[in-house]
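To keep things clear, I will list the structure first and then write my remarks on it.
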Amino acid sequence: MRLASKLGRAVLVSPDGERCIDVAKASSGRFGPAALTAYDEWDAFTAWAANAALDYATDGEPLLLEEVEAPSPTPRQVFAIGLNYRSHADESGFAYPEEPPTFTKFVSSFSGPVTELRLPNDTVDWEVELVAVIGRTAQGVAAADAWDHVAGLTVGQDFSERTLQLTGPAPQFSLGKSYPGFAPQGPWLVTPDELDDPTDLELTCTLNGEQVQGGSTEQMIFSVAELVHRLSAVTTLMPGDVIFTGTPAGVGGGRTPKWFLKPGDVVVSTIEGIGSLSQTCVSA
Ligand code: ZN
């Protein structure tokens, strides 16, 4: 199943991604209109969706990606993990973490799959990331049970303003990564059953058509299951909560000379089996 949020309303998306059906209308108001209502009753929602007679050709409407938001656009909590790929820890000059380094991207930074990205200055960097959305309340969950608490996966970009992020004495990861539009996600949530292997997905980032990042989510130091286990050992993960799971090597700040975004640049972030994001950079 593919679930998206369009103009504030949950929509189910056709397998080809071209059309969508409004959840509130199709369920006669049982679920929706906001996407969070689906995550809050994920078991009932997925059972309904599996049995609903959905005819995208006759009942659906075109899905315009410019109208789409993050699949979970109003989560209660957002977790983001740093240094979760050895290749990225190496290029950043950090040791491999013993525990997941965790920060947040404030919800006001969320945006959809096709947007303009306003650059506040000339040190904004790219980080393609797998994003997991929680579907069941998780507290003290074992790694072996973790996927039962994941609604699905989507593509994320953890845009990062490196100057503020790395300003001492204590770095400002959360603020430096939370300018408006710095957390595009989408184009939709894909449930794990739709993927051949949800633990091994190729992810890439291109800048103006040139590949700058490539890897597989199977290379993560802390897998999605391990992150749900470790985060839920401390906090309670709630339906609709969003986890940015870290980025592989190839960010601009890890290069010599450093390479950052400038107006006119187009960043495309893609994950196998899910889809792509496209951000066009503009000056602030
Ligand atoms: Zn990141």
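The values are calculated or read from the model by the stated rules, or taken from the named source; none is laboratory data. All of these numbers come straight from a predicted model, not from anything done at the bench. Methodologically, a virtual Cβ is constructed for each residue, glycine included, from the backbone with ideal geometry; neighbour enumeration extends over all protein chains shown. SASA here: full protein model, heavy atoms, side chains in, ligands and nucleic acids out. Shrake-Rupley method; radii C 1.70, N 1.55, O 1.52, S 1.80 Å.
Observations, loosely collected:
- Scanning segment 87-99 for residues that are within 11 Å of Ile221 (Cα to Cα) and in a loop (DSSP other than H, G, I, E, B) yields Tyr96, Pro97, Glu98, Glu99.
- Leu164, sole failed condition from (1) within 13 Å of the ligand (Cβ to nearest atom); (2) farther than 18 Å from Ser223 by Cβ: (1)
- Thr74 vs. criteria β-branched (Val, Ile, Thr), surrounded by fewer than 17 Cβ atoms within 10 Å (Cβ to Cβ) and not in a helix (DSSP H, G or I): yes
- Cβ pairs under 6 Å, 6+ apart, first in segment 166-195 and not assigned by TED's automatic domain parsing to the domain that holds Gln279, second among the hydrophobic types (A, V, I, L, M, F, W, C): none
- Subset of segment 242-272 (residues that are aliphatic (A, V, I, L, M) and outside any loop (DSSP other than H, G, I, E, B)): Val242, Ile243, Val266, Val267, Val268, Ile271
- Each residue in segment 59-71 was checked for being in a strand (DSSP E or B) and farther than 14 Å from Leu3 by Cβ, and 2 pass.
- Any chance Leu36 is closer than 20 Å to Arg76 by Cβ, touching a Pro at 6+ places or on another chain (Cβ under 9 Å) and either open to solvent by 10 Å² or more (accessible area, probe 1.4 Å) or of a type in the set (Phe, Trp, Tyr) (or both): yes
- Residues (farther than 18 Å from Ser5 by Cβ, assigned to a loop (DSSP other than H, G, I, E, B) and more than 16 Å from the ligand (Cβ to nearest atom)) located in segment 100-127: Pro120, Asn121, Asp122
This table checks each residue for (1) modelled with pLDDT of 95 or more; (2) open to solvent by less than 10 Å² (accessible area, probe 1.4 Å); (3) farther than 24 Å from Ser178 by Cα; (4) out of contact with any Phe, Trp or Tyr (no Cβ under 6 Å at 6 or more places or on another chain).
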{"site": "Arg118", "(1), (2), (3), (4)": "yes, no, no, yes"}
{"site": "Asn121", "(1), (2), (3), (4)": "yes, no, no, yes"}
{"site": "Val131", "(1), (2), (3), (4)": "yes, yes, no, no"}
{"site": "Ile134", "(1), (2), (3), (4)": "yes, yes, no, yes"}
{"site": "Asp158", "(1), (2), (3), (4)": "yes, yes, no, no"}
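- Residue within segment 76-86 that is farther than 30 Å from Leu12 by Cα, over 18 Å from the mean Cα position of the chain (by Cα) and of a type in the set (Phe, Trp, Tyr) present: no
- Among (1) within 15 Å of the chain's Cα centre (by Cα); (2) within 16 Å of the ligand (Cβ to nearest atom), the one test that Gln213 misses: (1)
A quick yes/no check of all residues on (1) within 16 Å of the ligand (Cβ to nearest atom); (2) in contact with a Cys (Cβ under 6 Å, 6 or more places away or on another chain); (3) open to solvent by 20 Å² or more (accessible area, probe 1.4 Å); (4) more than 21 Å from Phe103 (Cα to Cα):
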residue: Asp241; (1), (2), (3), (4): no, no, no, no
residue: Thr247; (1), (2), (3), (4): yes, no, no, no
residue: Gly252; (1), (2), (3), (4): yes, no, no, no
residue: Thr256; (1), (2), (3), (4): no, no, yes, yes
residue: Gly264; (1), (2), (3), (4): no, no, yes, yes
residue: Val267; (1), (2), (3), (4): yes, no, no, yes
residue: Ile274; (1), (2), (3), (4): no, no, no, yes
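- Every residue from segment 39-56 that is part of a helix (DSSP H, G or I), of a type outside the set (A, V, I, L, M, F, W, C) and open to solvent by 40 Å² or more (accessible area, probe 1.4 Å): Asp40, Asp43, Thr46, Asn51, Tyr56
- Within segment 24-46, considering residues that are in contact with a helix residue (DSSP H, G or I) (Cβ under 7 Å, 6 or more places away or on another chain) and free of Cβ contacts under 8 Å to residues at least 24 places away in the same chain, the one farthest from Leu189 (Cα to Cα): Arg30
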